[in-house]
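> I have a structure I would like to understand better, so I am pasting it below and will then ask my questions one at a time.
The values are calculated or read from the model by the stated rules, or taken from the named source; none is laboratory data. Owing to the predicted nature of the structure, the values given are computational and were not obtained by experimental measurement. Don't worry about glycine lacking a Cβ; one is built from the backbone with ideal geometry, like all the others, and counts go over all protein chains shown. Remember, those area values only see protein heavy atoms, side chains included, never the ligands or the DNA or RNA. Shrake-Rupley method; radii C 1.70, N 1.55, O 1.52, S 1.80 Å.
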Amino acid sequence: MAQTRIHVPARAAAGEIVELRAMVSHPMETGFRIDESGNNVPMHIVTDFACSFEGEEIFRARLQPGIAANPYLSFYARATRSGTFRFDWVDADGSVYSQSGAIIVEG
Amino acid sequence: MAGAAALLAGVAAPRLALADKATAGAVIRGEFGDRPRQRGRIAIDLPKLAETGNSVPLKIAVDSPMTDADHVRRVMVVAEENPRPRVIDAYFTPASGRAAFSTRIRLNGDQRVLVFAEMSDGSLWTEETEVRVTVGACEPPMITFGRSR
């Protein structure tokens, strides 16, 4: 099971643009690598990432083998009200990894 | 002769490099056809020299107000010399607030990295940067073989 790690600021002012960070532990096997016994290691990647706030899409990405192992993404969101950011990763093997983080918006 | 040809086919680094460029071109044509594109609005932050191609920090920021009427819809990154040149497609909404993201990418040797930004008005913008990579992300034998390092 892949481990996920996120960063959501605990507090923000209304209208502030905040940085969000997300990482998942994953080999992101390219399919081009050859193991010690000379066999091709099959491709195995996380294909999709999405971040939403209370059901509204904030940012998403379609990943390829050209993304380094343990895919890291940082991006932004406009903080408008208190609520929860949800982060989802979709593995090519069908697994979905999710994590959520709350923010309190003042003023 | 057949033996020599087979041997040459085995030493495929230059041929592979050409194939990669063709693939990058095909990806871009397939995605955008011959839609007009303008240079600018995109800032690419990628090291000029990377010790290893396994994990190279990349930051992209597109100049946009990110309003409902005027925002960046998508950013696509293409690394010309990678065996699969398309690296990432990042999608934004007005709720993103800022059209920028960071990640870490793999680079198979020295190359040009191309970035495309599609705006909500349908306009297409592009920018590019060159990067030198001491040790490529694709390990031996097939890709780095034949490179004099």
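Quick grid of which residues meet (1) farther than 25 Å from B:THR67 by Cα; (2) facing chain B (nearest Cβ under 9 Å); (3) modelled with pLDDT of 95 or more; (4) within 18 Å of the chain's Cα centre (by Cα):
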{"residue": "A:ALA13", "(1), (2), (3), (4)": "no, no, yes, no"}
{"residue": "A:ASP35", "(1), (2), (3), (4)": "yes, no, no, no"}
{"residue": "A:ALA61", "(1), (2), (3), (4)": "no, yes, yes, yes"}
{"residue": "A:ARG86", "(1), (2), (3), (4)": "no, no, yes, yes"}
{"residue": "A:SER95", "(1), (2), (3), (4)": "yes, no, yes, yes"}
{"residue": "A:SER100", "(1), (2), (3), (4)": "yes, no, yes, yes"}
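> OK, next. Restricting attention to the stretch B:114-130, does a residue exist that is free of Cβ contacts under 8 Å to residues at least 60 places away in the same chain, within 13 Å of chain A (Cβ to nearest Cβ) and within 11 Å of the chain's Cα centre (by Cα)?
no
> With the checklist (1) within 11 Å of the chain's Cα centre (by Cα); (2) crowded, with 19+ Cβ neighbours inside 10 Å in hand, flag the one item A:HIS26 doesn't pass.
(1)
> Same structure again: Does the stretch B:32-40 include one or more residues that are closer than 29 Å to B:GLY136 by Cα, buried (at least 18 other Cβ atoms within 10 Å of the Cβ) and either under 18 Å from the mean Cα position of the chain (by Cα) or within 13 Å of chain A (Cβ to nearest Cβ) (or both)?
Scanning the stretch B:32-40, I find no residue that is closer than 29 Å to B:GLY136 by Cα, buried (at least 18 other Cβ atoms within 10 Å of the Cβ) and either under 18 Å from the mean Cα position of the chain (by Cα) or within 13 Å of chain A (Cβ to nearest Cβ) (or both), so the answer is no.
> Collect the residues in the stretch B:89-126 that are over 14 Å from B:VAL62 (Cβ atoms) and among the β-branched types (Val, Ile, Thr), keeping them in residue-number order.
Passing the criteria: B:THR103, B:ILE105, B:VAL113.
> Can you report the number of residues in the stretch B:78-102 which are within 8 Å of chain A (Cβ to nearest Cβ) and closer than 30 Å to A:ARG33 by Cα?
Of the residues in the stretch B:78-102, 13 are within 8 Å of chain A (Cβ to nearest Cβ) and closer than 30 Å to A:ARG33 by Cα.
> When you scan the stretch A:64-83, do you find a residue that is outside any loop (DSSP other than H, G, I, E, B), within 13 Å of another protein chain (Cβ to nearest Cβ), polar (S, T, N, Q) and within 30 Å of B:ASP63 (Cβ to Cβ), even just one? Please lay out each step first, then the result.
Filtering the stretch A:64-83 down to residues outside any loop (DSSP other than H, G, I, E, B) leaves A:67, A:72-78, A:83.
Now narrow it down to the ones that are within 13 Å of another protein chain (Cβ to nearest Cβ): A:67, A:72-78, A:83.
In the following step, the residues that additionally are polar (S, T, N, Q) were identified as A:74.
Next, only the ones that are within 30 Å of B:ASP63 (Cβ to Cβ) stay: A:74.
Scanning the stretch A:64-83, I find at least one residue that is outside any loop (DSSP other than H, G, I, E, B), within 13 Å of another protein chain (Cβ to nearest Cβ), polar (S, T, N, Q) and within 30 Å of B:ASP63 (Cβ to Cβ), so the answer is yes.
> Within the stretch A:45-53, does at least one residue satisfy the condition of being in a loop (DSSP other than H, G, I, E, B) and not aliphatic (A, V, I, L, M)? Show your work before the answer.
Initially, the stretch A:45-53 is screened for residues in a loop (DSSP other than H, G, I, E, B), giving A:45.
Right, trim to not aliphatic (A, V, I, L, M) and you get none.
The answer is no; no qualifying residue exists.
> Here's a follow-up. Can you find, within the stretch A:32-59, the residue that is most open to solvent (accessible area, probe 1.4 Å) among those that are touching a residue at least 12 places away in the same chain (Cβ under 8 Å) and of a type in the set (A, V, I, L, M)?
Among those residues, the one meeting the criterion is A:MET43.
> Among the residues of the stretch B:41-66 satisfying the criterion of being over 30 Å from B:ASP121 (Cα atoms) and away from chain A (no Cβ under 12 Å), which is most open to solvent (accessible area, probe 1.4 Å)?
Once the filter is applied, the top-ranked residue is B:LYS48.
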